[in-house]
Amino acid sequence: LDLCDHKQDAQASVDGLVLLRHLYERRGQCFLGPGEAVRLAQLLRWGLGDGEGPELPRADAKGLAPDVAIPGAAGKARQLQSEAVPHALHLLAVVGPMPCFRAALFRVEDDELDAEQLPGDAVQHINGTISCLFAAMQSSGTTDAVAWRAMSAVAEVKSVRRLMRVHPQVRGLFKCLLSSLGAGERALTEQLVSFLKQILTGATDQFLSTEPIMFDNMGRADGLKRLLSALLQSWRDNADILHRGNIVAFLADAMFFSSFTDAWQVHAQARDLISILFDALLWKGVEGTAGLALGNFVSANGHIDLILDHDRAAHSISNVGWFLKRTTPGWDTKMQIYYLWRVLRSRKGCRLLSRHPHADLVIAGLLTGVRHATNEDNEVLSLLECFLTDEDTRPVVLRGSNPGRLLEGICELLCVGEPELSEPTCLLLQAMLDATGPGALLTWTGAAKLVGALSRKPHGKDAQWHGKDIIDAVVPMLQWEPSMTSALSLEFKRAWLSDQIHSSGPGDSVEISVSRGDLLRGVLESLRDPKGLQHGVKVKFMGDETGAGDGHRRECFRLVISALCDMEFGLFKSMDGGRSLHPSSTASDAEPECIPYFELVGKLVALALMHQETLPAARFTLALRKMLLSAGPLSVEDMASVDPEFYKHKVQYLLESKYAEGEGAMALTDLDLTFEDVPQPDVFPDARHELHPGGSQAHVTEENKHHYVELLCDTRMRGAVCSQVEGILTGMRAIIPEEAWSQIQRVISPDEFDLLVCGLREVDLKDWKANSTCDVEQETWDLFWSVVSGFTMQQHKDLLEFTTGSAAAPVGGFANLPGYGTIGDVQRFTLARNLNSALPVASTCFNTLYLPKCRTQAEMSAGLLEAIAHRNVGGFYEGAVAQ
């Protein structure tokens, strides 16, 4: 390399190039340091004739020896250049595969970078190097197999081959290539095919811009026909697997271009071409590439008849079936499935498969491939869907154990949760259910898991819930099977409940006008007549506020249900520190006309479920929820949810015989208990209620104490509040259709009812931030979340209530915040700029918080706390409606 740096001695540089060529040919692909790679690349560019490196003598050179004639100098220059080129190409064949050398030669560090990703000067440098290579090849390398190997090596760089395909000089190179390919010399032909394969690799990525140029550069139809004839002859003459694999790989990419396949379809040996690819479906190492080639041949311009009318078409189906049977699913199997997908989806193709003796083998292979489908390669799903909708192939797919295997694959795909796979997978399942009826799904051993996967709502931008329609159709049947209903996701149940309540018939939502000063009575009167409420409710606050948006309804319902559930109002009581509410047996004492208010509670719960909104204040006891849903008889243990202290000191005291323990042990008869309930023995000892007729005369004994406790608990949980519970049910049934309510009672569990009505108990700040939208400066965004992270849980709920109208996130978290407009629409929590106020302003319809410019955490915190402190008095709400 030092010798080659002497720019005044071109002959020595050529000799050095020769020496380096032989040295590297013997060293092979060894380690090449960055510095050595740069110097070697410079020398090679000079050897290829681009002018870098040692200067060749020129006819007008100055300072030459007096005895050197100008013509002789020019001749010597041409001779030296001619000597340098083949040695440079041979050296390139050895070092070209080395990534560090290619990086130095083309000045591109990453072989997989697209040309479009490179700066202009880098593209100019690569094009200059390509020009040198093309000129060198045409001058001395077109019949040199090693030189073509060098071209294949550099074409491994993605940006280089992309620029080669559209280079102005590539036409001349292809012309030389076609001439050399016709020579028939084996080693040369192998390298020519390798270069063809390499330069077309990935050409499909830019086929719109590449196809017309490639078509012209390769000699249009006549040149392509010559090329195909030479390739077919080479296939017959050379059985080398690598060589044949390169031919198939070239065809796979070339057949993506319709101009290529159009030319080859009318070729005299077109049927021979198809036969070769049919055979290659079983050739080790090229099976997948052959499937890709055949699939692309059909896709380019629909040349399907040339394949289906081929006398060996049936044999190709057998080849694919055999390959799918013996091969672990991977890229090769997906490409063979791609071929079947291109060919067999037609009516003609379905008939061919239905009559094929190995149809079961093919279907078995496809069923195995279902669970291995990906976002990029999911043709197997639409192919099986096609077979299920065709009357000839449907029986083949549904034969024997195939339905179970298909459901297994579908279930596995849906459990992965890829949104892009959801649609084709659900379409396949729907085609199967259309062919078999829902019984195939409901009687399958893994039905509960599949039902659960279908019912999960996919998250992500523009994600569609394709499984919901399938589950909607089978709920009337699976509602009778608890294992099925418990597998349904809460997100599905939330949407399904809304669909059951909301009327799909003609009619508009009911708009009610209420005053903040008399809110409770105004809502009671406005909702007294349930007619039309199934179409939805809009609320308008009278006075200075404008609009009747969804945010106003959420705020109104929240305020009303909070007032109704306030223990001072007297409808409900809480014996567990306010965590849950149970109807008060003395409600009529606090409010003589209490039943209409209980009915209003039921109506608000039903409307909240229909609008997919939450009422956090309506946190009922487990016993009340079981009564509302008719979820089996109440148990003694349910008393713990109504009155934990009574359960501990009365129920457990008796059932566990605590009275017989310790120093003051006594017998049960010493307690002098009768079958009576005395709710407040210290205050009203005479207020007694017999648990059954004659109960005041029946004493509690060890033999009947369990019966006594059961009657006592039932009286306190249910008997004493029957009319109150019936009032809530009356309000709910006034809005929920009777048949829908019967299904709801079987599908929704008491615990799920609590979550659906009240939302999540805790505010997940991480989920809140992750599902929020930023329409403010990054500084404001960061400042807001920094301040909110220091708030208490109650302050989180207050802020959420201020912005959205509800203090709890719905089932599914903040990704499912209800928005404005159609029921079920989602509107993410949004931070936006407030340019007109010094305090935060909320648009509850759109879950948007408008923030003023704040410079410090203290300023931001003060503004937020001031806003949420006034969240119930109006004035801070924007009252926005859809524009």
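The values are calculated or read from the model by the stated rules, or taken from the named source; none is laboratory data. Bear in mind the structure is a predicted one, so any value in this text is a computation, not a measurement. Every residue, glycine as well, gets a Cβ built from its backbone with ideal geometry; the counts of neighbours run over all protein chains shown. These accessible areas exclude ligands, DNA and RNA; they are computed on the full protein's heavy atoms, side chains included. Shrake-Rupley method; radii C 1.70, N 1.55, O 1.52, S 1.80 Å.
When you check Glu391 against the structure, is it modelled with pLDDT under 90, outside any helix (DSSP H, G or I) and farther than 29 Å from Glu481 by Cα, yes or no? So Glu391 fails the test.
Among residues that are modelled with pLDDT of 90 or more and within 30 Å of Glu656 (Cα to Cα), Met610 is not included. Of all positions in the range 532-553, at least one carries a residue that is under 28 Å from Cys594 (Cβ atoms), out of contact with any strand residue (DSSP E or B) (no Cβ under 9 Å at 6 or more places or on another chain) and open to solvent by 40 Å² or more (accessible area, probe 1.4 Å). In the range 251-352, counting only helices (runs of 4 or more DSSP H) that sit wholly within it, the ones holding 3 or more residues that are within 27 Å of Pro424 (Cβ to Cβ) and not aliphatic (A, V, I, L, M) span 287-301, 313-326, 331-344. Considered as a group, the residues in the range 139-160 that are at pLDDT 85 or above and more than 20 Å from Val94 (Cβ to Cβ) include one that is nearest to the chain's Cα centre (by Cα), and that residue is Lys158. Kindly evaluate Leu600 against the criterion of being of a type outside the set (Ser, Thr, Tyr), under 24 Å from Val811 (Cα atoms), out of contact with any strand residue (DSSP E or B) (no Cβ under 8 Å at 6 or more places or on another chain) and open to solvent by 10 Å² or more (accessible area, probe 1.4 Å). So Leu600 does not fit the description; no.
Scanning the range 219-250 for residues that are outside any helix (DSSP H, G or I) and closer than 18 Å to Ala183 by Cβ yields Gly219, Asn238, Asp240. Restricting attention to the range 709-734, the residues that are in a helix (DSSP H, G or I) and among the basic types (Lys, Arg) total 2.
In the range 690-708, the qualifying residues are those that are among the small types (Gly, Ala, Ser) and assigned to a loop (DSSP other than H, G, I, E, B), and the one that is surrounded by the most Cβ atoms within 10 Å (Cβ to Cβ) is Ala698.
Pairing each residue of the range 601-612 that is over 13 Å from Pro530 (Cα atoms) with any residue that is part of a helix (DSSP H, G or I) and open to solvent by 10 Å² or more (accessible area, probe 1.4 Å), provided the two are 6+ apart or on different chains, yields C-beta distances under 6 Å for Gln612/Arg494. Go through (1) touching a residue at least 12 places away in the same chain (Cβ under 8 Å); (2) surrounded by fewer than 16 Cβ atoms within 10 Å (Cβ to Cβ); (3) of a type outside the set (Ser, Thr, Tyr); (4) out of contact with any Phe, Trp or Tyr (no Cβ under 9 Å at 6 or more places or on another chain) and name the single condition Ala590 misses. Status for Ala590: all satisfied but (4). Of the residues in the range 384-398, how many are within 21 Å of Cys415 (Cα to Cα) and open to solvent by less than 10 Å² (accessible area, probe 1.4 Å)? Summing the residues that are within 21 Å of Cys415 (Cα to Cα) and open to solvent by less than 10 Å² (accessible area, probe 1.4 Å) in the range 384-398 gives 1. Would you confirm, using the coordinates I've provided, whether Arg312 is under 20 Å from Ile213 (Cβ atoms) and either touching a strand residue (DSSP E or B) at 6+ places or on another chain (Cβ under 6 Å) or not aromatic (Phe, Trp, Tyr) (or both)? No. Filter the range 540-571 down to residues that are modelled with pLDDT of 90 or more and among the β-branched types (Val, Ile, Thr) and give me whichever is nearest to Leu497 (Cα to Cα). Among them, the one singled out is Ile561.
The residues in the range 614-660 that are surrounded by fewer than 16 Cβ atoms within 10 Å (Cβ to Cβ), within 45 Å of the chain's Cα centre (by Cα) and part of a helix (DSSP H, G or I) can be counted, and the count is 1. Does Ala103 satisfy being of a type in the set (Gly, Ala, Ser), within 14 Å of Leu44 (Cβ to Cβ) and assigned to a helix (DSSP H, G or I)? In short, yes. Residues that are closer than 13 Å to Asp144 by Cα, buried (at least 16 other Cβ atoms within 10 Å of the Cβ) and either modelled with pLDDT under 85 or among the charged types (D, E, K, R) (or both) within the range 181-206 comprise Leu181, Glu190, listed in sequence order.
Quick grid of which residues meet (1) free of Cβ contacts under 8 Å to residues at least 12 places away in the same chain; (2) open to solvent by 20 Å² or more (accessible area, probe 1.4 Å); (3) hydrophobic (A, V, I, L, M, F, W, C):
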site	(1), (2), (3)
Gly223	no, no, no
Asp237	no, yes, no
Asp253	no, yes, no
Thr261	no, no, no
Leu273	no, no, yes
Phe278	no, no, yes
Lys284	no, yes, no
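Just to be sure, is Arg528 assigned to a loop (DSSP other than H, G, I, E, B), open to solvent by 10 Å² or more (accessible area, probe 1.4 Å) and farther than 20 Å from Cys845 by Cα? Yes, satisfied.
Look at the range 657-670: where a residue is under 12 Å from Thr701 (Cβ atoms) and a partner is modelled with pLDDT of 90 or more and assigned to a loop (DSSP other than H, G, I, E, B), sitting 6+ places away or on another chain with Cβ atoms under 6 Å, you get Leu668/Glu702. Leu381 meets the conditions (1) open to solvent by 20 Å² or more (accessible area, probe 1.4 Å); (2) closer than 21 Å to Trp444 by Cα; (3) in a helix (DSSP H, G or I) in every case but one. The failed one is (1). For the range 807-842, the set of residues classified as out of contact with any Gly (no Cβ under 7 Å at 6 or more places or on another chain), among the hydroxyl-bearing types (Ser, Thr, Tyr) and in contact (Cβ under 8 Å) with a residue 40 or more places away in the chain consists of Thr830 only. Of the helices (runs of 4 or more DSSP H) entirely within the range 405-509, those holding at least 3 residues that are crowded, with 20+ Cβ neighbours inside 10 Å, touching a residue at least 24 places away in the same chain (Cβ under 8 Å) and charged (D, E, K, R) occupy 490-501. Taken over the range 119-137, the criterion of being assigned to a loop (DSSP other than H, G, I, E, B) and open to solvent by less than 30 Å² (accessible area, probe 1.4 Å) is satisfied by no residue. The set of residues from the range 735-751 being open to solvent by 10 Å² or more (accessible area, probe 1.4 Å), out of contact with any helix residue (DSSP H, G or I) (no Cβ under 6 Å at 6 or more places or on another chain) and either of a type outside the set (Gly, Ala, Ser) or in contact (Cβ under 8 Å) with a residue 24 or more places away in the chain (or both) comprises Pro737, Glu738, Glu739, Gln743, Arg746, Ser749, Asp751.
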